Amino acid sequence: MGVKMHGGNDSGAPAGAANGKAPLKPSKAPLCLAMIVAILRVTLLIRDAQSIKDKRSVINSLKARLHREHQVSVAEVGLQDRMDAAEIGIALASDDAAYANSVLDRIEAKINQITDAEPRHFARTIISPDQGPDVDLADDGTPIWTEAERRELP
């Protein structure tokens, strides 16, 4: 009995092989060389919250709306112990910094218009590949890839 992999089939053949389609092959392009990560941290004052349930209602509604309308990841990242305030983190990945910034601009404008909470502070960070750690090294400085595994750059 083998392990069924996502996208595979019970016969052990690659995904797509059983239905006559050619299996998908991984790209030969290097990983993450053009990926931009855009992060927005927002501190909100929630004036009318009488309970944690009230606060969660406001935050969950905002999180769902931002995710649905902008396809971003949203999480409450701070001030969880305060009933009258929240800090949310919003993140997206793109290959275009201008696009990422435009999405964050639209999100800031939307948050400035909400009536359930008052935005107090916005902090934006854009991380590009040249700002990140060396992608070929583990935390301890050892190479992640063996020479046999290393992909050649175009």
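Throughout, read-outs are computed from the coordinates displayed, never taken from laboratory work. Because the structure is predicted, anything quoted here is derived from the model rather than measured. Cβ sites come from the backbone with ideal geometry, for glycine too, and all protein chains shown count toward neighbours.
Name every residue in region 61-110 that is under 16 Å from residue 121 (Cβ atoms) and touching a Ser or Thr at 6+ places or on another chain (Cβ under 9 Å), in order of residue number.
Hits for region 61-110 are 78, 79, 85, 86, 87, 88, 89, 90.
Write out, first by first residue and then by second, each pair whose Cβ atoms fall under 8 Å of each other, whose residues are 6+ apart or on separate chains, and whose first residue, in region 106-130, is at positive phi while the second is part of a helix (DSSP H, G or I) and among the hydroxyl-bearing types (Ser, Thr, Tyr).
Every condition considered, no pair remains.
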